[in-house]
Amino acid sequence: MSDLDELTRQAVRRLEQRRHGVVVAALAGDATEIRSSGGLTADSRLEIGSVSKVFTSLILARMAERGEVGLDQPLGDFLPAPAGITLRHLATHTSGLPRLPKGMVIRAIIRRETTDPYAHCTADFLIENLSRIRPATPGKKFRYSNLGAGLLGLALSRHAGLGYADLVAREITTPLGLSSTGTGGQVEQGHKADGKPAGPWNLADLAGAGGLRSTATDLVRFVRAHYEESVITSAVALELATEFRRNPFQTVRLGWMAHRLHPRQGGHLQILHNGQTGGYYSFVAFDQEKQVGVVMLTDTSRVGDQVGLDLLSALQSRA
């Protein structure tokens, strides 16, 4: 058994506790190991939640690279929006917009049994909601915003004259051959954190924030495209070079979160994003310099970031 295989198996054993199904992929150079449990496989299709945000931001990078849009172009050029918010702000969570559309936190508290909380987030709803929000000063502070990421997807879709799913297909999934990634189609049965069944989510026009579904096979190919030569290489360079510094150790790139480990831990840079919906959890991370990466998917809404970070650190140490 190879070292890479054993590291992947260890991650599965840690993750499968209190989860129905788990898929873990470890990438190191040209090698990939994928292990799973609970009936899932490398081709099991699951919701990836907020990992969708890195797809949306990569679309921004591709369109900006071609000169179709500008990173510092106002959101108001695409949608009725408060002055000062740019596409860069949306992709780096510095727009000053709240995490969710106005009133959705109260709505969630009142309707605790809502099984599809974002289904009403149509373009009309989002635009009307945005008119009632007074954001903090854009560009000053990191404030994670599903609303902002969703508006980015909506703005780019409107500019391209395509629905979000078709835009993802044009810019990412078709060029990279990601045949199982998109907003529609069947997914494996999901489960709440307590193990009870959970249905899939429809994010309507907020899909750019968390509406994609994918497989470990597709996400491995997606991660590889971030450190191997591909049709999106130049866009990846722009995506990762654009950053907002949160503190001495943490930055946010276009879509991606990044932190540098303490020198005693190796000093490696870790670029990552996770995702969580009502019945699913995802984690994707990589080190471009070391050419290693991690993909984790489960059919249970229970976070497991530390498992993914530990696996990435182990891969970085051996690279």
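For the stretch 264-319, the set of residues classified as in a helix (DSSP H, G or I) and more than 19 Å from residue 23 (Cβ to Cβ) consists of 264, 265, 313, 316, 317, 318, listed by residue number. Take residue 260 and tell me if it is surrounded by 14 or more Cβ atoms within 10 Å (Cβ to Cβ), touching a strand residue (DSSP E or B) at 6+ places or on another chain (Cβ under 8 Å), without any contact (Cβ under 8 Å) to a residue 40 or more places away in the chain and basic (Lys, Arg). In short, yes. Screening the stretch 1-97 for helices (runs of 4 or more DSSP H) wholly inside it with 2 or more residues that are under 20 Å from the mean Cα position of the chain (by Cα) returns the ranges 52-65, 87-91. Scanning the stretch 174-185 for residues that are open to solvent by 30 Å² or more (accessible area, probe 1.4 Å) and more than 28 Å from residue 199 (Cα to Cα) gives a single hit, 175. Only one of the numbered conditions (1) in a loop (DSSP other than H, G, I, E, B); (2) of a type in the set (A, V, I, L, M, F, W, C); (3) surrounded by fewer than 20 Cβ atoms within 10 Å (Cβ to Cβ) is violated by residue 237, and that is (1). The one condition from (1) of a type in the set (D, E, K, R); (2) open to solvent by less than 50 Å² (accessible area, probe 1.4 Å); (3) free of Cβ contacts under 8 Å to residues at least 40 places away in the same chain that residue 171 does not meet is (3). Condition first: over 25 Å from residue 195 (Cβ atoms) and either crowded, with 24+ Cβ neighbours inside 10 Å or at pLDDT below 95 (or both). Now tell me which residues in the stretch 301-316 satisfy that. Correct list: 312, 315.
Here are 29, 67: which of them is surrounded by fewer than 20 Cβ atoms within 10 Å (Cβ to Cβ) and over 30 Å from residue 149 (Cα atoms)? Result of the check over 29, 67: 29. Please list, ordered by first then second residue, the pairs with beta carbon atoms under 8 Å, 6 or more apart or interchain, first in the stretch 9-26 and closer than 16 Å to residue 39 by Cβ and among the small types (Gly, Ala, Ser), second in a strand (DSSP E or B) and open to solvent by less than 80 Å² (accessible area, probe 1.4 Å). Listed by first residue and then by second, the contacts come to 21/36; 21/37; 21/298; 21/300. Cβ-Cβ distances below 7 Å connect the following pairs, each with a first residue in the stretch 87-105 that is under 11 Å from residue 143 (Cβ atoms), a second residue that is open to solvent by less than 10 Å² (accessible area, probe 1.4 Å) and β-branched (Val, Ile, Thr), and a separation of six or more residues or different chains: 92/252; 93/252; 95/85.
In the stretch 110-153, of all residues being acidic (Asp, Glu) and surrounded by 13 or more Cβ atoms within 10 Å (Cβ to Cβ), the one that is modelled with the lowest pLDDT corresponds to 116.
Do you know which residues across the stretch 277-300 are farther than 14 Å from residue 226 by Cα and surrounded by fewer than 22 Cβ atoms within 10 Å (Cβ to Cβ)? Correct list: 278 only.
Taken together, the criteria exclude residue 84 from residues that are open to solvent by 10 Å² or more (accessible area, probe 1.4 Å), without any contact (Cβ under 8 Å) to a residue 60 or more places away in the chain and farther than 25 Å from residue 137 by Cβ. Considering 218, 194, the condition of being more than 27 Å from residue 89 (Cβ to Cβ) and assigned to a helix (DSSP H, G or I) is satisfied by 218 alone.
The values are calculated or read from the model by the stated rules, or taken from the named source; none is laboratory data. Everything numeric here is computed off the predicted structure, so don't read it as measured data. Quick reminder, even Gly has a Cβ in these numbers, built from the backbone with ideal geometry, and neighbours come from all protein chains shown. Only protein heavy atoms, including side chains, enter the accessible area calculation; ligands, DNA and RNA are left aside. Shrake-Rupley method; radii C 1.70, N 1.55, O 1.52, S 1.80 Å.
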